[in-house]
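K.L.:
Just passing along the structure, written as structure tokens.
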Amino acid sequence: MFQGHEVTVLDNFFTGRKKNIEHWIGHENFELIHHDIVNPIYIEVDEIYHLASPASPPHYMFNPVKTLKTNTMGTINVLGLAKRVHAKVLFASTSEVYGDPEQHPQDEEYWGHVNPIGPRACYDEGKRVAETLCYSFAKQDHVEVRVARIFNTYGPRMHMSDGRVVSNFILQSLQNEPITIYGAGNQTRSFQYVSDLVDGLLALMNSNYSLPVNIGNPEEHTILSFAEIIRNLIGTSSKIVLLPKMEDDPQRRKPNITRALTYIGWQPKVGMLDGLNRTIEYFKAELSHAKRKESFNVYGHSASKKSLDQDLAKFSDIKRHNTL
């Protein structure tokens, strides 16, 4: 927007929060529309970043049919809009299209190893169908598409009830609660900082490359070692607790980013410790704000206390169902 672009954001706020974009409210180049892309929309645009869909397992499993609708009907609506106004579309796909991979690291030529009827299938298969839709519209209707396969991402503005590894481990450590790991902890993930993801999406959109591109950080860690890193950074006394493994939890996850380096000139820049420290500071501030609200409500009897209690209860429930 500082470059003069006009930005229109569509959000149904199922997982998003207006707080995350409140600093743009009132900017002359910014417009926010409360909308669900399962329903068509008619606006004039040049580029579309199709980021819609819950991405955290507790969120996309909460309503699997809705998750599938968002990634199928929603994607058809986005591509239909792009066809009508001749806009370029970037679709935010996911490393979950690779499922529990039998190839390591994963490159874009790998077709994946996905359980089509498992608990994660609504998201995994939804994204796979959405990719097919993108290339079908490209072939049949000449819609210009870009597909980013996004690997685990973290950073400020994650919700406390997000339910993914980074937010869970940081919040549990900050509150001296047990750090919960599902399985033996030897499953691996590769985490990228959010600003690297944004740079990657912009580079892909502005490129002439139309095949899928992995956007992720190839630095790989076991979940157990990652928990220990966060615990040491925070300096907590939290114990690490191993719980029964979750069904269809991928055992290894690491992107091959050769295609991103070669065709869009992108690679991650933010080191893991730097990114984690920034994220820890954000969650410290979020917890402090939540506690101040709770303290105020004890004496002020504000109606927002109910909302805060619901948020904290939701976070506690999601921690119990974290599936990485």
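K.L.:
Of all residues in region 20-34, how many are closer than 18 Å to Met158 by Cα and either in contact (Cβ under 8 Å) with a residue 40 or more places away in the chain or among the aliphatic types (A, V, I, L, M) (or both)?
P.N.:
Qualifying residue count, region 20-34: 2.
K.L.:
In region 116-161, which residue that is of a type in the set (Asp, Glu) and crowded, with 21+ Cβ neighbours inside 10 Å is nearest to the chain's Cα centre (by Cα)? Walk me through it before giving the result.
P.N.:
Applying the first criterion (of a type in the set (Asp, Glu)) to region 116-161 yields 124-125, 131, 141, 144.
Those left that are additionally crowded, with 21+ Cβ neighbours inside 10 Å: 124-125.
Numbers: Asp124: 13, Glu125: 16 Å.
Selected residue: Asp124.
K.L.:
Taking the criterion of being surrounded by fewer than 16 Cβ atoms within 10 Å (Cβ to Cβ) and farther than 30 Å from Ile117 by Cβ, would at least one residue in region 246-259 satisfy it?
P.N.:
yes
K.L.:
Which residues, counting only those in region 34-60, are open to solvent by less than 50 Å² (accessible area, probe 1.4 Å), out of contact with any Phe, Trp or Tyr (no Cβ under 6 Å at 6 or more places or on another chain) and more than 15 Å from Val78 (Cα to Cα)?
P.N.:
Matches in region 34-60: Ala55, Ser56, Pro57, Pro58, His59.
K.L.:
Also, quick follow-up: If you go through region 88-128, how many residues are in a helix (DSSP H, G or I) and of a type outside the set (Asp, Glu)?
P.N.:
9
K.L.:
Still on this structure, I have one more. Select from region 271-301 the residues that are polar (S, T, N, Q) and open to solvent by less than 40 Å² (accessible area, probe 1.4 Å) and write down the one among them that is modelled with the highest pLDDT.
P.N.:
Quick first cut of region 271-301, residues polar (S, T, N, Q) only: 277, 279, 288, 295, 297.
From what's left, open to solvent by less than 40 Å² (accessible area, probe 1.4 Å): 279, 297.
Numbers: Thr279: 97, Asn297: 61.
This residue is Thr279.
K.L.:
Only residues that are touching a residue at least 24 places away in the same chain (Cβ under 8 Å) and in a helix (DSSP H, G or I): list them for region 231-256, please.
P.N.:
Listed by number, the residues that qualify are Arg231, Leu233, Ile234.
K.L.:
Which one is farthest from Leu261 (Cα to Cα) among residues in region 75-115 that are open to solvent by 50 Å² or more (accessible area, probe 1.4 Å) and basic (Lys, Arg)?
P.N.:
Out of the qualifying residues, it is Arg84.
The values are calculated or read from the model by the stated rules, or taken from the named source; none is laboratory data. The structure presented is a predicted model; accordingly, all values stated were derived computationally and were not measured. Using ideal geometry, Cβ is built from the backbone for each residue, glycine included, and neighbour counts are taken over all protein chains shown. Side chains included, ligands, DNA and RNA excluded: accessible areas come from the protein's heavy atoms. Shrake-Rupley method; radii C 1.70, N 1.55, O 1.52, S 1.80 Å.
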